[in-house]
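Colleague: Structure provided below as structure tokens; questions to follow.
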């Protein structure tokens with residue numbers, strides 16, 4: 001499952017719109033990852049600040 | 001709570017929809033998951049004055065941070081092409097003020113707002129949508145005849161309604177921005193910088209505001225060797241003349257959908273703005289398109305609610321209106337984007353020598369035929385022009 005670096009995340013939600021399995025949700029200042037995540041890495045490639053990784 | 005219309009998201013799209021719906025006497029509730037409307041921005045805040053005038057949209061003077069008279073474009077080696085004239089007049093907004101004003105206009109028309117209130121699920125039942133919400137008052141449910149999804153790039157409404165709102169990494173800019181004070185650049189212009197080492201398959205920008213500037217860039221991952229953040233740091237380091245006395249006072253990031261794939265309506269659901277991927281595919285601007293989509297959606301919704309017919313077929317009138325107005329332009333701009341994505345830095349230099357400001361304005365208006373005629377005289381670009389730009 002993808003891990004979110006909470007110190008780096010900007011809460012922009014850009015990754016959420018790219019998730020093919022709807023595993024990401026942004027609640028104001030918390031990005032959560034659900035069990036749906038299959039580590040396709042699309043969000044990791046997108047993140048402008050490198051807050052996502054495995 | 002039962003309402004006629006629930007708008008999810010209170011950005012420019014959501015508040016414009018709410019204002020237009022409420023003005024038609026439709027009972028409208030707006031929910032916004034953030035604790036403050038308009039912040040943090042995910043945007044460089046630029047709008048064209050001409051574009052707003054065409055839609056009859058007036059912006060409150062406090063929402064305008066700076067009036068702009070044109071754009072200066074820079075090739076990778078620094079060759080400058082200036083675009084100015086009546087059509088290039090624009091504003092750099094203060095989004096937070098601009099959006100709060102739009103919300104106040106909607107509230108004046110009778111819309112009700114709930115902030116720090118997030119939609120957590122949405123199900124269809126007896127011809128209505130039951131939307132689960134979470135706020136400081138706990139969990140609750142709103143039942144609505146019509147849901148307007150104005151929930152931005154991370155739209156859940158579209159997914160809950162079964163629409164294919166998924167964005168593709170190949171058509172989605174990774175954006176980063178510092179709002180900086182102390183920037184040394186002509187504040188009458190926005191400044192756009194091109195080059196595959198500057199912002200691969202995108203561009204870097206400086207948008208001057210009242211006492212600061214939005215300095216940012218958008219890139220496509222397929223052309224990038226590092227993260228957007230690293231490109232921005234490099235851009236600032238390499239322009240010491242502009243940034244040597246500048247410091248950031250805010251950082252923003254975001255995704256920009258630069259292609260439109262999704263359907264815009266389903267049973268009792270309409271998507272507007274970024275949620276429906278309604279962004280100009282060439283420059284990535286989305287504020288005016290978002291507000292226009294909401295004006296169109298509210299008009300159709302007004303009639304559909306009166307007729308008590310919120311079927312997908314009835315609401316498709318909105319999608320049709322949108323396509324009639326924008327489909328041709330958008331598809332031409334997509335072609336242009338395909339062409340520009342193939343250019344090397346030396347080609348940008350050639351274009352900087354070849355094009356005047358007026359030419360570039362025409363390109364942004366999807367007028368391509370003159371451009372093809374010019375390109376055909378350049379053997380090195382003939383192949384690409386034929387492949388990407390021919391009608």
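Colleague: So residue A:45 fits all but one of (1) assigned to a loop (DSSP other than H, G, I, E, B); (2) surrounded by fewer than 23 Cβ atoms within 10 Å (Cβ to Cβ); (3) at the interface with chain B (Cβ under 10 Å from one of its Cβ atoms); what number is the exception?
Modeller: (1)
Results for (1) crowded, with 24+ Cβ neighbours inside 10 Å; (2) away from chain A (no Cβ under 14 Å); (3) closer than 30 Å to residue B:5 by Cβ, shown as yes or no for each residue.
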residue: B:193; (1), (2), (3): no, yes, no
residue: B:214; (1), (2), (3): yes, yes, no
residue: B:250; (1), (2), (3): no, no, no
residue: B:261; (1), (2), (3): no, no, yes
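Colleague: Before we move on, is residue B:210 more than 14 Å from every other protein chain (Cβ to nearest Cβ) and in contact with a helix residue (DSSP H, G or I) (Cβ under 6 Å, 6 or more places away or on another chain)?
Modeller: So residue B:210 fails the test.
Colleague: Being more than 14 Å from chain A (Cβ to nearest Cβ) and part of a loop (DSSP other than H, G, I, E, B) is the filter; apply it to region B:1-37 and report the residue that is farthest from residue B:212 (Cα to Cα). Reasoning before the result, please.
Modeller: Residues of region B:1-37 more than 14 Å from chain A (Cβ to nearest Cβ): B:1-7, B:12-30.
Filter again for part of a loop (DSSP other than H, G, I, E, B), leaving B:1, B:24-27.
Details: B:1: 44, B:24: 39, B:25: 41, B:26: 40, B:27: 40 Å.
So, considering only residues that are more than 14 Å from chain A (Cβ to nearest Cβ) and part of a loop (DSSP other than H, G, I, E, B), the one farthest from residue B:212 (Cα to Cα) is B:1.
Colleague: To continue, here is another question. In this structure, is residue B:121 loosely packed, with under 15 Cβ neighbours inside 10 Å and touching a strand residue (DSSP E or B) at 6+ places or on another chain (Cβ under 7 Å)?
Modeller: yes
Colleague: Regarding region B:110-118, can at least one residue be identified that is within 12 Å of another protein chain (Cβ to nearest Cβ) and surrounded by 19 or more Cβ atoms within 10 Å (Cβ to Cβ)?
Modeller: Yes, some residue in region B:110-118 is within 12 Å of another protein chain (Cβ to nearest Cβ) and surrounded by 19 or more Cβ atoms within 10 Å (Cβ to Cβ).
Colleague: Out of (1) outside any loop (DSSP other than H, G, I, E, B); (2) surrounded by fewer than 19 Cβ atoms within 10 Å (Cβ to Cβ), the odd one out for residue B:81 is which?
Modeller: Condition (2) is where residue B:81 drops out.
Colleague: Let me ask another. Checking the structure you have, find out if any residue of region B:224-236 is outside the structural domain of residue B:294 (by TED's automatic domain parsing), under 23 Å from residue B:171 (Cα atoms), assigned to a loop (DSSP other than H, G, I, E, B) and without any contact (Cβ under 8 Å) to a residue 24 or more places away in the chain.
Modeller: yes
Colleague: For a quick check of your reading: which strands (runs of 3 or more DSSP E) sit entirely within region B:109-209 and have at least 1 residues that are closer than 30 Å to residue B:48 by Cβ?
Modeller: B:112-115, B:138-149, B:172-181, B:189-193, B:203-208
Colleague: Moving to a separate point now. Among what's in region B:332-365 and is without any contact (Cβ under 8 Å) to a residue 40 or more places away in the chain and more than 19 Å from residue B:201 (Cβ to Cβ), pick the residue that is surrounded by the fewest Cβ atoms within 10 Å (Cβ to Cβ).
Modeller: Per the stated criteria, the residue is B:365.
Colleague: From the set of residues in region B:50-72 that are outside any loop (DSSP other than H, G, I, E, B) and surrounded by fewer than 18 Cβ atoms within 10 Å (Cβ to Cβ), which is farthest from the other protein chains (Cβ to nearest Cβ)?
Modeller: B:53
Colleague: Return the residues of region A:12-36 that are buried (at least 17 other Cβ atoms within 10 Å of the Cβ) and within 9 Å of another protein chain (Cβ to nearest Cβ); say none if nothing qualifies.
Modeller: A:12, A:13, A:14, A:15, A:16, A:17, A:18, A:19, A:24, A:25, A:26
Colleague: Go through (1) assigned to a helix (DSSP H, G or I); (2) crowded, with 21+ Cβ neighbours inside 10 Å one by one and return the number of the condition residue B:87 breaks.
Modeller: Every condition holds for residue B:87 apart from (2).
Colleague: Same structure again: Residues to consider are B:100, B:80, B:108, B:116; find the one that is farther than 26 Å from residue B:27 by Cβ, outside the structural domain of residue B:343 (by TED's automatic domain parsing) and at pLDDT 95 or above.
Modeller: Step by step, each of B:100, B:80, B:108, B:116 is checked, and only B:80 is farther than 26 Å from residue B:27 by Cβ, outside the structural domain of residue B:343 (by TED's automatic domain parsing) and at pLDDT 95 or above.
The values are calculated or read from the model by the stated rules, or taken from the named source; none is laboratory data. Bear in mind the structure is a predicted one, so any value in this text is a computation, not a measurement. Glycine gets a Cβ as well: all are built from the backbone with ideal geometry, and neighbour counts include every protein chain shown.
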